[in-house]
Protein chains: 2
Amino acid sequence: MIQKLIDRIQETGAPIVVGLDPNMKFIPAHIQREAERARRDNIFGDDDLETAAEAVWRFNKEIIDAVYDLIPAVKPQIAMYEQFGIPGLVAYWKTVRYCREKGLIVIGDVKRGDIGSTSESYAIAHLGRISVGGHKVRVFDEDFATVNPYLGSDGVKPFINVCNEEDKGIFVLVKTSNPSSGEFQDVETKDGRPVYELVGEKVREWGELSMDGTYSNVGAVVGATYPEQGRILRKLMPNTYILVPGYGAQGGQGKDLVDFFNEDGLGAIVNSSRGIIAAYQQEKYAKFGEERFAEASRAAVQDMIEDIAGALAAR
Amino acid sequence: MIQKLIDRIQETGAPIVVGLDPNMKFIPAHIQREAERARRDNIFGDDDLETAAEAVWRFNKEIIDAVYDLIPAVKPQIAMYEQFGIPGLVAYWKTVRYCREKGLIVIGDVKRGDIGSTSESYAIAHLGRISVGGHKVRVFDEDFATVNPYLGSDGVKPFINVCNEEDKGIFVLVKTSNPSSGEFQDVETKDGRPVYELVGEKVREWGELSMDGTYSNVGAVVGATYPEQGRILRKLMPNTYILVPGYGAQGGQGKDLVDFFNEDGLGAIVNSSRGIIAAYQQEKYAKFGEERFAEASRAAVQDMIEDIAGALAAR
């Protein structure tokens, strides 16, 4: 699967991923009104939940239609859907399916991880197939999932097994982009190295179990907000693709990101979520107006591609 | 919320929680046949997925009806539902609702955790209310959720805020029950202490933000399979309730668990999943037969209560 992602990155010239993390504050009023009008019968408890989820789905669809030809991949953050309950998860499922129909690679930002037998169920849910009624059925069917490593190898390996069976991939959290990520991840161990380096080493080791060309189907998440750690981890995990969140709204910029890439120009893919999907709310893209929010997103994608390509060319 | 859990534990004399982690291998053939007959219109993609989820729900309901008066709480593991996609998550939602109607406290074993703004969405999804259409709607509405600490304070505090607003609780993973939990959790830090102790200290600190009587709404998960670490953590976090998975099928027994409890006989609640819900498959309860699986579960609950009460009395 990682080779498929690399192929798409090379075709588009865009080592970027658009984070589909819809928040009601980002969704223009006219989309919310349309969702209200389109409301079908209430299935799961609350009409307003159905309407909100319908608005999320319509908002996503319009953005996907506006940007899919520019980018290799999207990354829906499942929490933003789970908060709308069952209707929200239906919107997630429809979003994943629609993105795949459009030829996009879908990174499910689910950050799952549990004891072995339970991780196996999560791996099935997101990347695999479940045996029911004598056949195997795909469930959410993302291409990649993000995985939390706190439980160690037996929480991660069930995902790797499914990656090998189904040609899928994962990105394991190594050094996250948030301010408090250092509380446990940066703790210095007895041998003088921080915990995130130990996790990075394990990711390299796990990666060897699922190679796909030069790179592994087992990638890593390292936040754009920690470029120094990014440099260390880049060297520690030479065959690991790094998913880099934290560009834009969380503070990172193209020039801070060059060291996440290998010399071959590969090895990293940079995520931006609200910087793209809520671009119309920024002064820079205000000229598009709320009605043309998806065009603003397209312009923001083009600017992001240029920023990162420029930074890579200038290094 | 923790005081409510303690009250129920004292009323029932049962510091135990039944893990509702249905696996198709546990569900008797007659339940699967009934689910097949009851199948409604296919909503989300696959008939067999709908049938499996319906079987899960029926299986759960029968077990809940058979044991609810004996126990304070249940712990559905969401992965076991997520693997059946949207129909599975509907079964999860119905299970949570039904358990609450029966007066049970529901611990959603979701092991969520992300950067701050995303953790806030997870907290809303599982413990809080989402603002939609000018009012606030409860979503999955468990009483407690399990939380992964790898991202540090800003991944956990949004859950604590919701605990305070909505009178709910969380259990933070500290030392998990699986064989490889030591890979990162036991790593010795520069000052000679393992990572899980640092996490335990943070849990104690976070706990002070949401006290409810003697104990905190911020609990900890410590596996029954690691009694030595349990003893250390018990002392380190005196006002923290410990959720102890790994009893029964994962190897723990009542006598191994006494040190997870405080001198007051409180401070821990022990989970058993397949040991209860698939009791009829054990030789010990085979006399009930597949048809009377729920009665076997009731007998297994009674035996578990006796085992733990006996161990506590004997210490």
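No lab work stands behind these numbers, since they all come straight from the coordinates. All of these numbers come straight from a predicted model, not from anything done at the bench. Every residue, glycine among them, receives a Cβ derived from its backbone with ideal geometry; neighbour counts consider all protein chains shown.
Quick notes
- Of all residues in the range B:89-98, those satisfying the criterion of being more than 7 Å from chain A (Cβ to nearest Cβ) and farther than 19 Å from A:Lys111 by Cβ are B:Ala91, B:Lys94, B:Thr95, B:Val96, B:Arg97, B:Tyr98.
- Tally of residues being within 10 Å of chain A (Cβ to nearest Cβ) and touching a residue at least 40 places away in the same chain (Cβ under 8 Å) across the range B:187-209: 2
- Qualifying helices (runs of 4 or more DSSP H) (wholly inside the range B:191-268; at least 3 residues being farther than 15 Å from B:Ser177 by Cα): B:195-207, B:227-236
- Single residue of the range B:103-120 satisfying the filter (more than 10 Å from chain A (Cβ to nearest Cβ) and not small (Gly, Ala, Ser)) that is farthest from B:Gly200 (Cα to Cα): B:Leu104
- Boolean, A:Glu62 is within 11 Å of chain B (Cβ to nearest Cβ) and either of a type in the set (Asp, Glu) or under 24 Å from A:Ile31 (Cβ atoms) (or both): no
- Restricting attention to the range A:168-181, the residues that are more than 7 Å from chain B (Cβ to nearest Cβ) and assigned to a loop (DSSP other than H, G, I, E, B) total 1.
- Residues of the range A:121-167 that turn out to be facing chain B (nearest Cβ under 7 Å) and of a type in the set (Ser, Thr, Tyr), as a count: 4
- Selection status of B:Ile160, farther than 23 Å from A:Val174 by Cβ, assigned to a strand (DSSP E or B) and β-branched (Val, Ile, Thr): no
- Helices (runs of 4 or more DSSP H) wholly inside the range A:1-106 containing at least 3 residues that are within 15 Å of the chain's Cα centre (by Cα) and not polar (S, T, N, Q): A:2-12, A:79-82, A:85-101
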